[in-house]
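Asks: My structure is below; once you've seen it, I'll send some questions.
The values are calculated or read from the model by the stated rules, or taken from the named source; none is laboratory data. This one's a predicted model, so the numbers in the text were calculated from it and none came from an experiment. Cβ coordinates were reconstructed from backbone atoms using ideal geometry, including for glycine residues, and neighbour counts include every protein chain displayed. Just so you know, the surface numbers come from the protein's heavy atoms only, side chains and all, with ligands and any DNA or RNA stripped out. Shrake-Rupley method; radii C 1.70, N 1.55, O 1.52, S 1.80 Å.
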Amino acid sequence: MHPPGHPPRPVVSLYDLVAGDEDARVCKDIPESACREMPRNFFLHIVSNTASKIGDELASAKLVLAWLMSALGAPAFLAGFLVPVRESGSLLPQLFVASHIRRAAVRKWFWVGGSIGQGVSALGMAVVALTLSGAAAGWALLGLLALFALSRGVSSVASKDVLGKTISKTRRGTVMGYAAALAGFATLGVGGWVTLQAEQAASTGFFALLLVAAGVLWFAAGGIFAAVKEVPGATEGGGNAVSEAIRSLGLMKHDPLFRHFVLTRSLLMSTALAMPFYVMLAQRETDGDLGSLGLMIIATGLAGGLSAPVWGRLSDRSSRLVLVASGVLAGVLGLMVFALTWLDAAWTRSPYLFAALFLVIGIAHSGVRLGRKTYLVDMATQDTRAAYVAVSNTVVGALLLVGGLFGLVADIAGVAATIALLGLMGLAGSAAAWRLEEVQR
């Protein structure tokens, strides 16, 4: 029998093995009561986040929903709103959501509610795939995607706050790294299926099946996360949403480290902005069939599966250097792709080459995501964490809308030139990350 209030001994033993060193159960910035539950919470975080990340890939706005809109005959201009609605819709409202979350001493239920909202949205999209077509289908998908994005925003604020309350510093990057890796390997199976069954994948029924599976995974993720043992925390700062939002924005003025982090994250969002242009270049230079889409899904899975555990461990040592390395990788790749387009050789039009390029940009993007999440959580305290997350996400969400102008750059200067420009932006982000302070101490 294990002691009352403690996780079962097998869970503790497995945690010691997975965490990987003799300091596995050292708690640096969480109370003793949370420390006792950390082995159990460690795995609950991994499993729930893995399920939600697989759902993300099955309902990817930049890949799956874009293909679905095309299959349903929706107007092309509606498809252009998919990524902005998905990203900005989840980021911009967070500044106002955070004040409500701070009113609750236990905040995991916001993550659970957000996960359920995402599941409902995915199931609604599956119904649209089977019943609507044309402009009606496009508008319905965008409306459901907006609901999905709002639910995602609630989960995003709550997840980092609960992670900071239940998992100690030097273990948070490891949690996120393992979750991303497991989700990445699961994505490989999806990509292989699409590649080998391209003809069947062309039907709307196939996309409906993917969306139903995504919805079920989000429901399961919410149920698993509900089992996290969270110690009640402070509830200060939970006043009026608008006034609290304005007060929180003052962090940008009065906190120089946080301001510099937001600048760095804004520059490194170039890795996310660049990915659709890699897809566009691949579609232009190759056949553009669903087989090529399958290869890119496989590349996405490999990027997470191979790099996330490494990035996670490195983030627990120095998330600053992870951001530096990721920015350099994305920047050099962007300039290299621009140079390859000048060669115009037959081998530069191979779908396998573009899958490899997508793999590398995916690895860089994985590093940016894990590095900046770990840096922010470790930089903040329990009292400031929710506000830091909300302010940084709101600023980046607004800038992502401006990032849509890169599409105009692609029309004028070409896709390859746009990738090169975003590569230079990644190098600037790397330089900004180099000047950040170390927070893993």
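Asks: When you scan segment 98-107, do you find a residue that is buried (at least 21 other Cβ atoms within 10 Å of the Cβ), at pLDDT 80 or above and closer than 28 Å to Leu399 by Cβ, even just one?
Replies: Yes - at least one qualifying residue is present in segment 98-107.
Asks: Under the condition of being part of a helix (DSSP H, G or I) and open to solvent by 20 Å² or more (accessible area, probe 1.4 Å), which residue from segment 19-34 is modelled with the highest pLDDT?
Replies: It comes out as Glu32.
Asks: Is it true that Gly184 is under 25 Å from Ala303 (Cβ atoms) and either touching a Phe, Trp or Tyr at 6+ places or on another chain (Cβ under 8 Å) or not in a helix (DSSP H, G or I) (or both)?
Replies: Answer is no for this residue.
Asks: Can you pull out every residue in segment 145-179 that is open to solvent by 20 Å² or more (accessible area, probe 1.4 Å), touching a residue at least 40 places away in the same chain (Cβ under 8 Å) and hydrophobic (A, V, I, L, M, F, W, C)?
Replies: Hits for segment 145-179 are Ala146, Leu150, Val154, Met176.
Asks: All but one of (1) under 23 Å from Leu163 (Cβ atoms); (2) part of a helix (DSSP H, G or I) hold for Ala104, so report the exception by its number.
Replies: Answer for Ala104: the failing condition is (2).
Asks: Let me ask something else about it. Specify the residue that is least open to solvent (accessible area, probe 1.4 Å); the eligible residues are those in segment 247-306 that are within 16 Å of the chain's Cα centre (by Cα) and more than 23 Å from Val328 (Cβ to Cβ).
Replies: In this case the residue turns out to be Gly301.
Asks: Here's another thing I want to ask about it. Out of segment 40-55, which residues are open to solvent by 30 Å² or more (accessible area, probe 1.4 Å) and either more than 19 Å from Lys373 (Cβ to Cβ) or not aliphatic (A, V, I, L, M) (or both)?
Replies: Arg40, Phe43, Asn49, Lys53
Asks: With the structure loaded, tell me whether Leu147 is at pLDDT 90 or above, touching a Ser or Thr at 6+ places or on another chain (Cβ under 9 Å) and assigned to a helix (DSSP H, G or I) or whether it fails that test.
Replies: In short, yes.
Asks: Here is a follow-up. Out of the residues in segment 332-361 meeting the condition of being in a helix (DSSP H, G or I) and among the small types (Gly, Ala, Ser), tell me which one is surrounded by the most Cβ atoms within 10 Å (Cβ to Cβ).
Replies: Gly334
Asks: Given (1) open to solvent by 10 Å² or more (accessible area, probe 1.4 Å); (2) touching a residue at least 12 places away in the same chain (Cβ under 8 Å); (3) not hydrophobic (A, V, I, L, M, F, W, C), identify the lone condition not met by Tyr375.
Replies: Checking Tyr375 against (1) open to solvent by 10 Å² or more (accessible area, probe 1.4 Å); (2) touching a residue at least 12 places away in the same chain (Cβ under 8 Å); (3) not hydrophobic (A, V, I, L, M, F, W, C), the one that fails is (1).
Asks: Can you find a residue that is in a helix (DSSP H, G or I), in contact with a Pro (Cβ under 8 Å, 6 or more places away or on another chain) and surrounded by 19 or more Cβ atoms within 10 Å (Cβ to Cβ) anywhere in segment 121-136?
Replies: no
Asks: While we're on this one: Considering only residues of segment 396-415 that are farther than 23 Å from Arg369 by Cβ and of a type outside the set (A, V, I, L, M, F, W, C), which is surrounded by the most Cβ atoms within 10 Å (Cβ to Cβ)?
Replies: Gly414
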